[in-house]
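In what follows, a single structure is set out as structure tokens and then discussed.
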Amino acid sequence: MIQKLDIKTREQAEFQEITLKVREIVRDSGVENGVCVVYIPHTTAGIMINEHADPDVVNDILNRLEEMAPRRGEYRHSEGNAAAHIKAALIGSSVTLPITYGELALGTWQGIFFGEFDGPRNRQVLVRISADK
Ligand code: ZN
């Protein structure tokens, strides 16, 4: 089964935690053991798992991405958002998580984050859940 999450980003660049929304989809699925793939059909956004206890962690990641691929820089891509494509490439467009005992097998400090690099925009996250046979 595939579920869609609509995400509305507010900043040009930001991370939004979506752990609770994905957790809800997993619970509603009734799958006890399986795999959850969280995928985004975008080229200027990313998805990652990282620490959600201290919000400064994702802010540090965002700041370092900006240093690696500054918004204003020398790029060839004529659309003008090359920096966002580079950040998206670094973060990636999917994460895969095991489902055990009906829950995402996330560690205590882990959360799932949607990364916006060319916002604000309306975005989508696709969540695919497969049950073990
Ligand atoms: Zn582009």
Net charge of Cβ neighbours under 15 Å - reference LYS21; Lys, Arg +1; Asp, Glu -1:
+1
Net charge around THR43, counting only other residues with Cβ within less than 11 Å of its Cβ (Lys, Arg = +1; Asp, Glu = -1)?
-1
Per DSSP helix of 4 or more residues, -39500 (n - 2.57); summed, then divided by the residues of the chain. What does that give at 222 nm, rounded to the nearest 500?
-8000 deg cm²/dmol
Where Lys and Arg each count +1 and Asp and Glu each count -1, what net charge lies around LEU65 among other residues with Cβ under 15 Å from its Cβ?
-4
Test of understanding: extend the Cα→C-beta vector of GLU11 to 7 Å, then name every residue of segment 87-131 with backbone N under 11 Å from that spot.
116-117
Note on segment 24-133: C-alpha Rg/Rh, Kirkwood Rh, two decimals, gives 1.04
Search the structure for amide H atoms under 5 Å from the amide H of ILE7, placed 1.01 Å from N in the peptide plane, and list their residues when 5 or more places away or on another chain.
ARG123, GLN124, VAL125
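Quick note: the coordinates plus some simple rules give every number you see, no bench work behind them. The shown structure was predicted, so the numbers you read here are calculated from the model rather than taken from an experiment. Here the Cβ is made from the backbone with ideal geometry for all residues, glycine too, and neighbour counts use every protein chain on show.
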